[in-house]
Amino acid sequence: MNELLDPLLLARWQFGLTTVYHFLFVPLTIGLATTAAVFQTAWYRTGKAEYLGITKFFGSIFLINFAMGVVTGIVQEFQFGMNWSEYSRFVGDVFGAPLALEGLLAFFFEATFIGLWIFGWDKLPRGVHLATIWATAVGSIASAYFIIAANAFMQNPVGYEMNAEKGRAELVDIGALLTNPVAVAAFPHTIAASFMVAAGLVISAAAWHLARNQHLDTMRPALKFGLWVMVGAGILTTVFGDQLSLAMVATQPMKMAAAEATYETVCGADASFSLFTLGTPDGSSELFSIRVPYLLSFLSTHTFDGCVEGINDLQGQYEMLYGPGDYTPIIWITYWSFRWMIGLGMAHVLVAVIGLWLTRKGRMPKRPWVWKIAIWSFPLSLAAMIVGWIFTEMGRQPWIVFSLLPTESAVSPNVTGLDVLISLVAFTLVYGTLAVVEARLVVRAIRNGPPEVGEPDPETGRVEPATTVY
Amino acid sequence: MDLSVLWFWIVAFLFIGYFVLDGFDFGVGMSLPFLGRDETDRRVLINTIGPVWDLNETWVIVAGASLFAAFPEWYATLFSGFYLALLLILLALIARGVSFEYRHQRPESRWKRSFDRMIIVGSAVPAFLWGVAFANIVQGVPLDAGHNYTGTLLDLLNPYALLGGATTLLLFFTHGVVFVSLKTEGELRERARRLAARSGFIAIVVAAAFLAWTGLAFGAPWFWGFAAAAAIALVAGWLANAGGAEGLAFSLLAITTAAAVLALFSALFPEVMPASNDPANSLTIENASSSTYTLTVMSWTALIFFPLVLAYQGWTYWVFRKRVTRASIEAAAH
């Protein structure tokens, strides 16, 4: 019973649950706001009904999703203080700043302009109204930057000094904090991956209608757009992911070792990347594996004869530096999440390239199974994003702030296991219920297809949108 | 002025922004069962705050983040100490926030009614609990030497704090109903005006009791000035509403909320989280704040961006300044 009511364990589960859940909505918000902005720009320039239809169609899915992003985001901010008060005391001086900057610079901006976009269709001049959706998209991307900069401090603390008297880290260089090499690499990687997720949704939704041979005038351009974005964003995600893994090796070698489950330091050809392994869950012994020689060396150092430090050596080094303890993350989680992230990402680019080939010059595949594969784009791209995030955060363990503060020292000392259990159960029930409602609403919105957008004006040939109300 | 003192008042300003703005939209949410006689009425009510509730709610996120950045100790003590109360607020805000967007997604009246209930409860619970929380902050709570709260949820529900909760609940309710009369037409506008007159009267009595109790128990020189301003603005706002001057009544009630928050922060100054058991454990502006460097960075950011934020948020209210009519709601295809 006592073990069940361990506040640390429960608080960690709660953080994992609420963060992963929140992160289902963030990439879609970023990607779909931009998607809606692109198509609204096309409508602005041409006045064509199909572009307004696509804007409204993905805009409505964006809004269903945006509401969830907002309400689950408040939980994220509150739980640092609620569950992790010792962490908040320790890093508030440093970590609080990017959160406050996010609120002031990005969050206000996004929340204001989304209201103007939803309700401003017939109240704002057309160009100003177009600017509001771009402002929303920019706000959501800026917001991501500050959050990633805050998170990067947990991965690679920079720009601070320890204040021994107060027992806390204090900010001494905001520039260094905001240009943390981990943040600089993680930000474009995450944004590009967000576009992949949004492209996945666009491809799925368009494929669903095209498979039924309906809404061809709106869904064909949407599919093309989704496929091109998937390929482009996929390449960018890979390029920046490579930069991020270099930054990771430089700052958190244990995370890279754990990603590969490599226990001994290996160099050159021995530094191979295993595509697939059968063996014990923690990778300590293997029965069978498919390995690409040199690849791990190349990923880690950009040379073919580089060395990658193993878990055992790093564990030894960390014990010397930080005292006795286990400095290894849970290997099977890091190993498999890293593989699924890369594998699913690669598979999406491949599917999109094939899709572009199959739909070249206005062709449309006839076989149903082709469309079925396309429809899986969205859930699987979202899954890739989620396992990537799990890898980043689980690979940081046992540190909450790498090398400075262990996770176990960060939990609120005065919050009982029962308190955390109550809130964990409450969040699980509420989030679970909302997930079902949200999923049904999104599926329903997709199946309903693009809304009727009215007849073109006989004089100008333009289609004008109707009033929006709740 | 010391930067940490400046940030104490900036935090007060952010909570004023939050309580004034989300305060009235909580009030609109709570007024659904009283003013929403039919589906069209309810849609009119929800549409009065449709374009702005999200930006209003953002103020609490910015207030929370600023508390985290400028006073990490205060943030840590408050949020871990008031754990279950804040959990209830979070659940209420989640229910309410999704309801605005989800309610109109399906035509069935059962679907709409269940989201209406979530809007009502989701508005009332935070409106009440924020008052409870701030009354407890002013009153002080038991803290240990590490500044950690040592009481329970029940300790927070003491008579003084409950009176504080009743005050914010009634004040926000009245403010919201006045907003409805400002933003609607015809019969609904009249009913809102009459309801605000009744709820405003109760709000005056309860708020007077709460401010008098606060002043007598924790008063400071500045407190009485702000408390008097709040009281005068509240009574004047009530009279303006009775006289049909809706814009004036709404502004005066906004001033009431602002002055009341300033009164509470004056009563708190220079502490931020007084320890009721041992003054040595209290958190003060001095021992709870961030380093001068952090506060300097944030001060420059605030100085540059607050005017911009206030400008574009003000512009939003200007864009949606027209009254929401039944005809416009019925005309919109949905």
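The values are calculated or read from the model by the stated rules, or taken from the named source; none is laboratory data. All values derive from a computational prediction rather than experimental measurement. Don't worry about glycine lacking a Cβ; one is built from the backbone with ideal geometry, like all the others, and counts go over all protein chains shown. Quick note on the areas: whole protein, heavy atoms, side chains included, nothing else; ligands and nucleic acids left out. Shrake-Rupley method; radii C 1.70, N 1.55, O 1.52, S 1.80 Å.
Residue-by-condition table, conditions (1) surrounded by 19 or more Cβ atoms within 10 Å (Cβ to Cβ); (2) of a type in the set (Lys, Arg):
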residue: A:Arg396; (1), (2): yes, yes
residue: A:Val401; (1), (2): yes, no
residue: A:Thr416; (1), (2): no, no
residue: A:Phe427; (1), (2): yes, no
residue: A:Gly449; (1), (2): no, no
residue: A:Pro456; (1), (2): no, no
residue: A:Gly461; (1), (2): no, no
residue: A:Ala466; (1), (2): no, no
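Scan region B:48-69 for residues that are of a type in the set (Gly, Ala, Ser), facing chain A (nearest Cβ under 7 Å) and either under 29 Å from A:Tyr87 (Cβ atoms) or touching a Gly at 6+ places or on another chain (Cβ under 7 Å) (or both) and jot them down.
If the condition is that a residue be of a type in the set (Gly, Ala, Ser), facing chain A (nearest Cβ under 7 Å) and either under 29 Å from A:Tyr87 (Cβ atoms) or touching a Gly at 6+ places or on another chain (Cβ under 7 Å) (or both), then B:Gly64, B:Ala65, B:Ser66, B:Ala69 are the ones that fit.
In region B:50-69, which residues are crowded, with 24+ Cβ neighbours inside 10 Å, in contact with an Asp or Glu (Cβ under 9 Å, 6 or more places away or on another chain) and either polar (S, T, N, Q) or part of a loop (DSSP other than H, G, I, E, B) (or both)?
Within region B:50-69, just B:Thr58 meets the criteria.
Within region B:222-244, how many residues turn out to be among the hydrophobic types (A, V, I, L, M, F, W, C) and open to solvent by 40 Å² or more (accessible area, probe 1.4 Å)? Spell out how you get there, then give the answer.
Pass one, region B:222-244, residues among the hydrophobic types (A, V, I, L, M, F, W, C): B:222-224, B:226-236, B:238-240, B:242.
Now narrow it down to the ones that are open to solvent by 40 Å² or more (accessible area, probe 1.4 Å): B:222, B:224, B:226, B:228-229, B:231-232, B:235, B:238-239, B:242.
Summing the residues that are among the hydrophobic types (A, V, I, L, M, F, W, C) and open to solvent by 40 Å² or more (accessible area, probe 1.4 Å) in region B:222-244 gives 11.
Between a residue in region A:349-369 that is under 19 Å from A:Val231 (Cα atoms) and modelled with pLDDT of 85 or more and any residue that is among the acidic types (Asp, Glu) and surrounded by 10 or more Cβ atoms within 10 Å (Cβ to Cβ), which pairs come within a Cβ distance under 6 Å, given they are 6 or more apart or on different chains?
Close Cβ pairs (under 6 Å, with a partner that is among the acidic types (Asp, Glu) and surrounded by 10 or more Cβ atoms within 10 Å (Cβ to Cβ)) do not exist here.
Would you mind stating whether A:Arg45 is basic (Lys, Arg), buried (at least 24 other Cβ atoms within 10 Å of the Cβ) and assigned to a helix (DSSP H, G or I)?
no
Find all pairs meeting these conditions: Cβ atoms under 8 angstrom apart; at least six residues apart or on different chains; first residue within region B:291-311 and closer than 13 Å to A:Leu101 by Cβ; second residue charged (D, E, K, R).
So the pair list comes out as B:Thr294/A:Asp93; B:Thr294/A:Glu170.
State all residues of region A:76-89 that are open to solvent by 10 Å² or more (accessible area, probe 1.4 Å) and within 8 Å of chain B (Cβ to nearest Cβ); if no residue qualifies, say none.
Passing the criteria: A:Glu77, A:Phe80, A:Glu86, A:Arg89.
Report yes if B:Pro72 is surrounded by 21 or more Cβ atoms within 10 Å (Cβ to Cβ), more than 30 Å from A:Gly92 (Cβ to Cβ) and facing chain A (nearest Cβ under 7 Å), otherwise no.
no
Determine whether B:Gly29 is touching a Ser or Thr at 6+ places or on another chain (Cβ under 6 Å) and more than 9 Å from chain A (Cβ to nearest Cβ).
The answer is yes for B:Gly29.
Need pairs with beta-carbon distance below 9 Å; first residue in a helix (DSSP H, G or I) and within region A:93-109, second of a type in the set (D, E, K, R); sequence gap 6+ or separate chains.
Short answer, once both residue conditions are applied: A:Asp93/A:Lys166; A:Asp93/A:Arg168; A:Asp93/A:Glu170; A:Val94/A:Arg168; A:Val94/A:Glu170; A:Leu99/A:Glu77; A:Gly103/A:Glu77.
Does A:Thr328 meet the test of being assigned to a loop (DSSP other than H, G, I, E, B), touching a residue at least 12 places away in the same chain (Cβ under 8 Å) and open to solvent by less than 60 Å² (accessible area, probe 1.4 Å)?
yes
Can you spot a residue in region B:250-263 that is aliphatic (A, V, I, L, M), within 13 Å of another protein chain (Cβ to nearest Cβ) and either surrounded by 14 or more Cβ atoms within 10 Å (Cβ to Cβ) or outside any helix (DSSP H, G or I) (or both)? Walk me through it before giving the result.
Applying the first criterion (aliphatic (A, V, I, L, M)) to region B:250-263 yields B:252-255, B:258-263.
Then keep just the ones that are within 13 Å of another protein chain (Cβ to nearest Cβ); that gives none.
For region B:250-263, residues aliphatic (A, V, I, L, M), within 13 Å of another protein chain (Cβ to nearest Cβ) and either surrounded by 14 or more Cβ atoms within 10 Å (Cβ to Cβ) or outside any helix (DSSP H, G or I) (or both): absent.
Would you pick out the residues in region A:151-193 that are buried (at least 21 other Cβ atoms within 10 Å of the Cβ), small (Gly, Ala, Ser) and within 13 Å of chain B (Cβ to nearest Cβ)?
Within region A:151-193, A:Ala169 is the sole residue that qualifies.
Among the residues of region B:75-113 satisfying the criterion of being facing chain A (nearest Cβ under 8 Å) and aromatic (Phe, Trp, Tyr), which is surrounded by the most Cβ atoms within 10 Å (Cβ to Cβ)?
The extreme case among them is B:Tyr75.
Going by the conditions given, is B:Thr40 open to solvent by 10 Å² or more (accessible area, probe 1.4 Å), within 12 Å of chain A (Cβ to nearest Cβ) and polar (S, T, N, Q)?
yes
Residues to consider are A:Val415, A:Val430; find the one that is at the interface with chain B (Cβ under 9 Å from one of its Cβ atoms), closer than 20 Å to A:His22 by Cβ and either of a type outside the set (Gly, Ala, Ser) or touching a residue at least 24 places away in the same chain (Cβ under 8 Å) (or both).
Result: A:Val430 is the single residue among A:Val415, A:Val430 that is at the interface with chain B (Cβ under 9 Å from one of its Cβ atoms), closer than 20 Å to A:His22 by Cβ and either of a type outside the set (Gly, Ala, Ser) or touching a residue at least 24 places away in the same chain (Cβ under 8 Å) (or both).
If you check A:Gly310, A:Gly323, which single one turns out to be out of contact with any helix residue (DSSP H, G or I) (no Cβ under 8 Å at 6 or more places or on another chain), modelled with pLDDT of 80 or more and more than 21 Å from A:His189 (Cα to Cα)?
A:Gly323
Which of (1) under 30 Å from A:Leu314 (Cβ atoms); (2) modelled with pLDDT of 90 or more is the odd one out, the single condition A:Ser403 does not satisfy?
(2)
Going by the conditions given, is B:Thr296 touching a strand residue (DSSP E or B) at 6+ places or on another chain (Cβ under 9 Å), more than 9 Å from chain A (Cβ to nearest Cβ), open to solvent by 20 Å² or more (accessible area, probe 1.4 Å) and not acidic (Asp, Glu)?
In short, no.
Given the criteria open to solvent by 40 Å² or more (accessible area, probe 1.4 Å) and under 30 Å from the mean Cα position of the chain (by Cα), does A:Ile342 qualify?
It is true that A:Ile342 is open to solvent by 40 Å² or more (accessible area, probe 1.4 Å) and under 30 Å from the mean Cα position of the chain (by Cα).
With respect to A:Ala347, is the statement that it is closer than 18 Å to A:Ala233 by Cα, open to solvent by less than 30 Å² (accessible area, probe 1.4 Å) and touching a Leu at 6+ places or on another chain (Cβ under 9 Å) true?
No.
Quick one: how many residues across region A:93-135 are open to solvent by less than 10 Å² (accessible area, probe 1.4 Å) and more than 11 Å from every other protein chain (Cβ to nearest Cβ)?
So the count comes out to 1.
Starting from region B:279-290, take each residue that is in contact (Cβ under 8 Å) with a residue 24 or more places away in the chain and list its partners that are among the charged types (D, E, K, R) and not in a helix (DSSP H, G or I), counting only C-beta distances under 6 angstrom and pairs at least six apart or across chains.
Filtered contacts from region B:279-290: B:Ser282/B:Glu271.
If you check every pair at least six apart or on different chains, which have Cβ atoms under 7 Å apart with a residue in region A:143-161 that is within 21 Å of A:Pro398 (Cα to Cα) first and a residue that is aromatic (Phe, Trp, Tyr) and assigned to a helix (DSSP H, G or I) second?
Note: pairs meeting the criteria are A:Ile148/A:Phe187; A:Ala150/A:Phe95; A:Phe153/A:Phe95.
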